[in-house]
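A short reminder: the numbers here are calculations on the coordinates, not readings from a lab. Keep in mind the model is a prediction, meaning the values are calculated, not measured. Neighbour counts run over all protein chains shown; Cβ positions are idealised from the backbone, glycine included.
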Amino acid sequence: MRRAFLLTSLATLAACHPAPPAYRAGPLTISRVVSPEPVRGGPGGAYFTITNAGPADTLIRVTSAVSDSVSMHRMFDRDGTMLMGPVAEVAIPAGGTVRFAPGHDHVMLEALRRTLVAGDSVPLVLVFRRAGPVPVWARVVAYRDLESALGAR
Amino acid sequence: MPRRAAAVAVLLASACTSAGGSGGYRGAVLPRALPRPDFTLTATDGAPYRFAERTRGQVTFLFFGYTNCPDVCPVHMANIAASLQHLTHEDRDRVSVVFVTTDPSRDSLPRLRQWLAGFDPTFVGLRGDDSTVARIESGLLLAPSVREPGDSADPGAYGVGHAAQVLAFTPDDSLHVVYPFGTRQEDWGHDLPLLLHGDWSGR
């Protein structure tokens, strides 16, 4: 299973190079899966874009083999103050696109089991209510390269 | 205090509407400048740091944040650090970046130093108690930082709500331009020469 997944990833990488791989699970496509390299002492994270060509689904959980504490957060602006709150699940509307991006939603990886360095890949599993668990690899990039890795605003 | 926060929001909202149209800045130009404040906090070497004196005549980017911050703080710091690398040595020496922690209970001086060095070893880290920092923030018309309970039972796990904009002081020792979250490296690169060499006389 793991080997098949790895081969698929490699095939996707080779086929789409230099574009980063996208992952398909039924009607869902998960692309631009990026993890910023933690700043010394800072937490890890992950961003991705989910495109849904089918009926509404819900992202209910994210897990990772590199972290014992994975959570989803949402940033919001209240009177000029940036606040962050935990999010239990994220709705993926029918035919819609949901972007996890800095300043909006993000996955936070705390209690990291290993050091993440730019160029590494981080395994994540996105668990959807309908589509089930979807394993993906996040590409680790330095914070300074995050805006280009995530593309246009 | 809530009235003050509302006033800040109104000020920033009106500032944002003039973004891009005032003096060619990509940042938001304030309708009314604020003077460079005179406050003293503790620097990461343990010595007192008098902001007005140490940064006088410089372009100074001042930001309030914390090292456990998931993205707003590291993205701002990384984008500024990347943009500064394109300046000449002469211009680079006239820019300082000052980061004030809004989480003094977790951000020890060594931790602050280590985190900032991950972006640029010249970035200054300052720490003071909550009430001192809140006073500085409100003097700059920023809403004070607030502690947000986390989603776990761990009392050490929490977020800190803080102003998301970087304040840019110019060589005339005034704050004219602020940079909201979402400012890209290209925007910093565009505005840096204007901040360094722009003329604010007559304003």
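B:D130: net charge of surrounding residues, Cβ under 13 Å, Lys/Arg +1, Asp/Glu -1, itself excluded?
Taking every other residue near B:D130 into account, the sum is 0.
Bins of 5 Å, beginning at zero and ending with the bin holding the largest distance: percent of Cα pairs per bin for segment B:58-147, please.
3, 13, 25, 24, 18, 11, 4, 1
Please arrange B:F39, B:F64 by how many other C-beta atoms lie within 10 Å of their C-beta, fewest to most.
Ordered from fewest to most neighbouring Cβ atoms within 10 Å, B:F39, B:F64 come out as B:F39, B:F64.
Pop out the ³J(HN,Hα) list for segment B:76-87 in order, Karplus 6.51 cos²θ - 1.76 cosθ + 1.60 with θ = phi - 60°, rounded to Hz; leave Gly and Pro as x.
Once rounded to whole Hz, the list reads 4, 4, 5, 5, 5, 4, 5, 5, 5, 5, 8, 7.
Can you tell me the relative contact order of segment B:36-82? Whole percent, Cα pairs under 8 Å, sequence separation 6 or more.
Working: 25 pairs, mean separation 10.2, N = 47.
Contact order relative to length: 22 percent.
Please state the shape class of segment A:103-153: rounded when a/c is under 1.5, otherwise prolate if a/b exceeds b/c and oblate if not, all from the C-alpha gyration tensor.
It comes out oblate by the Cα gyration axes.
Average partner chain C-beta neighbours within 10 Å, per residue of B:64-76?
That works out to 6 on average.
Quick one: which residues, 5 or more positions from B:L41 or on another chain, have an amide H under 5 Å from its amide H? H modelled 1.01 Å from N in the peptide plane, none for Pro or chain starts.
For B:L41, whose amide H was placed from the backbone, the distant partners under 5 Å are B:Y49, B:F51.
Hey, got the Cα dimensions of segment A:61-153 along the principal axes, in Å, largest first?
37, 35, 27
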